[in-house]
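The values are calculated or read from the model by the stated rules, or taken from the named source; none is laboratory data. Remember, it's a predicted structure, so these values are computed and weren't measured experimentally. When we count neighbours, we look across all protein chains shown, and the Cβ atoms used for this are built from the backbone with ideal geometry, even at glycine.
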């Protein structure tokens, strides 16, 4: 087949049917020589915008459009959509957003890890965020964690990404789940506007909002309350609680709707929250609002056989 004749689309998985989909296209670069002395090949990944008689148009993720002659295509196929930006950040980066929730939190950096302590008794504010690298030996990092929390007369607790290498290192050193039989916690994320659109026509009667800088408290009398915090265009939803006798009456949705709108007014584009893995009812609610799992985490503390 000469270069002037396009390859039969049956030789690869491309064709007019991929218009509108994300694709990878391997092509020959005319006039260029590759490392082996043969033709230079290069891949183009992006969104297929057009397939016409003699070329295909692919728009890369950086916004540039590439017109590829069909005769230059060597291979190609559709690929899954690129994950949203909010799903591409690391668990560490995502978890760091929550520090804004506690105005008096004390932190100490240990490489990527962050030791946290606050007057609020919630574990997220009083545990070492052990994700990434500690910048020292593992044993040295464990020793510093124990010292830090012993000085505050509290037991050492670490938050680790579930089933990660760091998690395995702690558990291999005798650390155990902080609360026996507790399931992992899921960190969920969603587009703020997607969630708001899913909450149309929510009633907010008797809902009171109290703002404190980047933080918000929302409550309906003494029967429903929640908190939110804004940090770097992310909005965290925290401590959502409705009295059992008042559940399934729309109060949780009213709180979420109000907090999302408050965050959107400040420029938030991503919302996040945490829910226990076995809380099927809550997970179903949040999935309907567009929330998806970013990562899972668990809390560990030294067990009887821990090497500390």
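Could you tell me which of the residues 261, 265, 277 is in the same structural domain as residue 92 (by TED's automatic domain parsing), without any contact (Cβ under 8 Å) to a residue 12 or more places away in the chain and either within 24 Å of residue 94 (Cβ to Cβ) or in contact with a helix residue (DSSP H, G or I) (Cβ under 6 Å, 6 or more places away or on another chain) (or both)? It would help to see each step written out before you state the result.
On the way: 261 fails: without any contact (Cβ under 8 Å) to a residue 12 or more places away in the chain; 277 fails: without any contact (Cβ under 8 Å) to a residue 12 or more places away in the chain.
Unique residue meeting the criteria: 265.
Looking at the range 218-247 only, could you name the residues that are surrounded by fewer than 17 Cβ atoms within 10 Å (Cβ to Cβ) and more than 17 Å from the chain's Cα centre (by Cα)?
The answer is 221, 222, 223, 239, 241, 243, 244, 245, 246, 247.
Given 182, 203, which one is more than 26 Å from residue 306 (Cα to Cα) and in the same structural domain as residue 271 (by TED's automatic domain parsing)? Outline the logic, then answer.
Working: 182 fails: more than 26 Å from residue 306 (Cα to Cα).
Answer to the selection: 203.
Of the conditions (1) farther than 24 Å from residue 291 by Cβ; (2) assigned to a loop (DSSP other than H, G, I, E, B); (3) free of Cβ contacts under 8 Å to residues at least 60 places away in the same chain, residue 156 clears all except one; give me its number.
Single failed check for residue 156: (3).
Taking the range 96-105, which residues are surrounded by 14 or more Cβ atoms within 10 Å (Cβ to Cβ) and farther than 15 Å from residue 133 by Cβ? Even if it seems obvious, please write down each step before you answer.
Here is the first cut: in the range 96-105, the residues surrounded by 14 or more Cβ atoms within 10 Å (Cβ to Cβ) are 96-102, 105.
Residues satisfying the conditions are 97, 98, 99, 100, 101, 102, 105.
Somewhere in the range 37-58, is a residue part of a loop (DSSP other than H, G, I, E, B), over 31 Å from the mean Cα position of the chain (by Cα) and at positive phi?
yes
Could you check the range 279-308 and list, in sequence order, the residues that are surrounded by fewer than 16 Cβ atoms within 10 Å (Cβ to Cβ), within 15 Å of the chain's Cα centre (by Cα) and part of a helix (DSSP H, G or I)?
287
Report whether or not residue 120 is surrounded by 14 or more Cβ atoms within 10 Å (Cβ to Cβ), part of a loop (DSSP other than H, G, I, E, B) and modelled with pLDDT under 95.
yes
So residue 97 ticks every box in (1) assigned to a loop (DSSP other than H, G, I, E, B); (2) modelled with pLDDT of 90 or more; (3) within 28 Å of residue 292 (Cβ to Cβ) but one. Which box is left unticked?
Among (1) assigned to a loop (DSSP other than H, G, I, E, B); (2) modelled with pLDDT of 90 or more; (3) within 28 Å of residue 292 (Cβ to Cβ), the lone unmet condition for residue 97 is (1).
What number goes with the only condition from (1) at pLDDT below 95; (2) within 29 Å of residue 165 (Cβ to Cβ) that residue 298 does not pass?
Only one criterion in (1) at pLDDT below 95; (2) within 29 Å of residue 165 (Cβ to Cβ) is unmet by residue 298, namely (1).
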